[in-house]
Amino acid sequence: MCEEDRRDADRGGPPDEAALFSALLEDSAEDLYENAPCGYVSTLLDGQIAKVNGTLLNWLGYDRDELVGRKRFSDLLTMGGRLYHETHYAPLLRMQGEVSGIALELKAADGSRLPVLVTSTVKTGGDGHPVLIRTTLFDARDRRAYETELLRARQESERERERLKRLNDTLQRTLLPPTLADVPGLDVAAYYHIASTDEVGGDFYDLFPLGSGTWGLFLGDVCGKGAAAAAVTSLARYTLRAAAVYDPDPVAVLGNLNTVLNHEYQGPDPRFCTVILGLLTPDGDVGGFRITLASGGHPPALLMRADGSTDYLPTPGGQLIGVLPDAHISTTSLRLDPGDTLLLYTDGLTEAHTAAAGDRYGDEALLEFAHALAPTTATNAVAAIRDLLGTFGPGVDDDTAVLAINVPRQPREEQQ
């Protein structure tokens, strides 16, 4: 190895790197100041420009003589920036001695605007008194363009979300009956609580007339959310209504729905639902109704009697609809007398998180709530459930459907 190569090796690199390193050491401080990648300006305490580097002059298109000793720093700012400088920036600088990273706009010689990030420090003399202000300016055009694009993308995202909300709302309304059938001798009410406007829920209900003075009703909950759940919901609603017209026996109706879902949604993405379905028949001239309920894995209905007693109607053993080729359907029958109210609901109600340690609301709490309501009407029961869901706030993380039917008391009974 020759002596020159040895010296290069001692300096830590090949000859060209050593030469470059040496050239960097020879750069003058004045050159570094003039050609820095940022703008520099020094002003007197009153803002008059005393020194400015070439970088800032090139950005703004001024000659040095046009600025030094002739203009104040605030003269380079736009009208809004000048107002902010006088009312906020300068007073804060006097109090703190330094202000960092403030976004302002400079006005170039041709009238164009240059967004910059500004940092200023106050230089003091040997006696501790301020003598001048040093300011560093960074070109923020790329950042401004990025922020503008980010804002545009955010606004577009918000518009898209609003469109999606409107679409989901429209789709959700098509899955629910616009009105419930007017059943002579019954007070009927329903409510649908949407947990999130971002996705369509899978809860559904209906009340509709059948032949021979009877009515059918159902309430159900499809697993999942979104378009896939909406498709199953639509299929379930129309299948239940069509099957009830063909054979109104509640077990046969749910059996038909089970066959359809089990056939259509077998494979990698199986779909199923829980459903409770009832057949309503006026019970002679005594003002009551007979009802037969069939349940496929659905939470039990709540019965609130005219005497204030309240209990769940047991439908044990009912299996989810659509999972097995032959699902077991459980049934129960009862009579609704004047003053009695039957409440059907989906599990979004009982599985809501309460404010108390985030616990689930639960079946026992709902039973106590209903007991405090009884006796009541369908309208009042649904209104009370609606208010209850409102107290949970974001704790309701699943859609909730509620359907209530009540046999009104006769006017003479109400007076008693």
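The values are calculated or read from the model by the stated rules, or taken from the named source; none is laboratory data. Keep in mind that this is a model prediction, so the values were computed, not measured. As a convention, Cβ positions derive from the backbone with ideal geometry for all residues, glycine included, and neighbour counts pool all protein chains shown. Heavy atoms of the whole protein, side chains included, go into the accessibility calculation; ligands, DNA and RNA do not. Shrake-Rupley method; radii C 1.70, N 1.55, O 1.52, S 1.80 Å.
Tabulated data
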read-out	value
Of all residues in the range 383-414 being of a type in the set (A, V, I, L, M) and part of a loop (DSSP other than H, G, I, E, B), the one that is surrounded by the fewest Cβ atoms within 10 Å (Cβ to Cβ)	V396
Flag if R271 is among the basic types (K, R) and closer than 25 Å to G224 by Cα	yes
Residue match in the range 341-351 (condition: part of a strand (DSSP E or B) and open to solvent by 50 Å² or more (accessible area, probe 1.4 Å))	no
Residue in the range 318-334 that is farthest from H298 (Cα to Cα), counting only those that are open to solvent by 50 Å² or more (accessible area, probe 1.4 Å) and part of a strand (DSSP E or B)	S333
Which listed residue is of a type in the set (A, V, I, L, M), modelled with pLDDT under 80 and closer than 23 Å to D221 by Cβ, from L176, L180	L176
Among (1) under 13 Å from H193 (Cα atoms); (2) open to solvent by 20 Å² or more (accessible area, probe 1.4 Å); (3) modelled with pLDDT of 95 or more - the single one N380 does not satisfy	(1)
Hey, A230 closer than 18 Å to T400 by Cβ, open to solvent by less than 50 Å² (accessible area, probe 1.4 Å), under 31 Å from the mean Cα position of the chain (by Cα) and of a type outside the set (F, W, Y) or not	yes
Single residue of the range 97-144 satisfying the filter (open to solvent by 80 Å² or more (accessible area, probe 1.4 Å) and assigned to a loop (DSSP other than H, G, I, E, B)) that is modelled with the highest pLDDT	D110
Some residue of the range 269-277 being more than 30 Å from the chain's Cα centre (by Cα), part of a strand (DSSP E or B) and at pLDDT below 90	no
Selected residue [out of contact with any His (no Cβ under 8 Å at 6 or more places or on another chain), small (G, A, S) and surrounded by fewer than 16 Cβ atoms within 10 Å (Cβ to Cβ)] from G296, G284, G255	G284
Of all residues in the range 331-375 being under 27 Å from the mean Cα position of the chain (by Cα) and of a type in the set (F, W, Y), the one that is farthest from L293 (Cα to Cα)	Y361
S309, sole failed condition from (1) in contact (Cβ under 8 Å) with a residue 60 or more places away in the chain; (2) among the polar types (S, T, N, Q); (3) under 22 Å from L207 (Cβ atoms)	(3)
Sole exception among (1) out of contact with any helix residue (DSSP H, G or I) (no Cβ under 8 Å at 6 or more places or on another chain); (2) outside any loop (DSSP other than H, G, I, E, B); (3) touching a residue at least 40 places away in the same chain (Cβ under 8 Å); (4) open to solvent by 50 Å² or more (accessible area, probe 1.4 Å) for H263, by number	(3)
L366 being in contact with a strand residue (DSSP E or B) (Cβ under 6 Å, 6 or more places away or on another chain) and either closer than 15 Å to A301 by Cα or hydrophobic (A, V, I, L, M, F, W, C) (or both)	no
